[in-house]
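A.B. asks: The following block contains the structure, expressed as structure tokens.
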Amino acid sequence: MRSSRLTLLFLLLVISATCFSWPAKVVSVADGDTITVLHNDQKKEIRLYGIDCPEKGQSHGEQAKALTTALVAGRNVDVEQKDIDKYKRIVGIVKVDGQSLSELIV
């Protein structure tokens, strides 16, 4: 009985940790799928979860950056961290006005 309670508690903690989001303000847009936000007076680079936009210098790279800039530059957003990539960026779902930025871009 005690082990099932501990298992339940562990699962609740894991689920809540993966669903936790935090507020931030977008301070710059690097490209269509990478932004920098300010959270607790710290800049954090965010790679948008679930999409891959053209990079600078690639075909449509400037259009991808322009769209992301138009949607979130200077805006308050909520970030739900999913992972950390090999470049030490946070990979996360970014929501603006309750909508996923990744879904707005695609």
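Laboratory data are not the source of any read-out in this text; all were calculated from the coordinates shown. All of these numbers come straight from a predicted model, not from anything done at the bench. Virtual Cβ from ideal backbone geometry, glycine too; neighbours counted across all protein chains shown.
A.B. asks: Explain nothing, just the number: relative contact order of the range 49-100, from Cα pairs under 8 Å at least 6 residues apart, as a whole percent.
C.D. replies: It comes to 28 percent, rounded to a whole number.
A.B. asks: Q99 to K86: extension gain in nm, 0.36 nm per residue of separation minus the Cα-Cα distance?
C.D. replies: Going from the current span to full extension adds 2.0 nm.
A.B. asks: Additional query: Where in the range 40-106 are there trypsin sites (Lys or Arg not before Pro) that are in a DSSP coil and have at most 13 other Cβ atoms within 10 angstrom of their Cβ?
C.D. replies: The qualifying sites are K56, K86, K88.
A.B. asks: Would you mind computing, in nm to one decimal, how far apart the modelled labels at H60 and N76 are, each placed 7 Å from Cα along Cα→Cβ?
C.D. replies: So the label points at H60 and N76 sit 3.4 nm apart.
A.B. asks: Cross-link partners among lysines for K56, C-alpha distance below 21 Å, same-chain residues fewer than 8 apart left out?
C.D. replies: K44, K65, K86, K88
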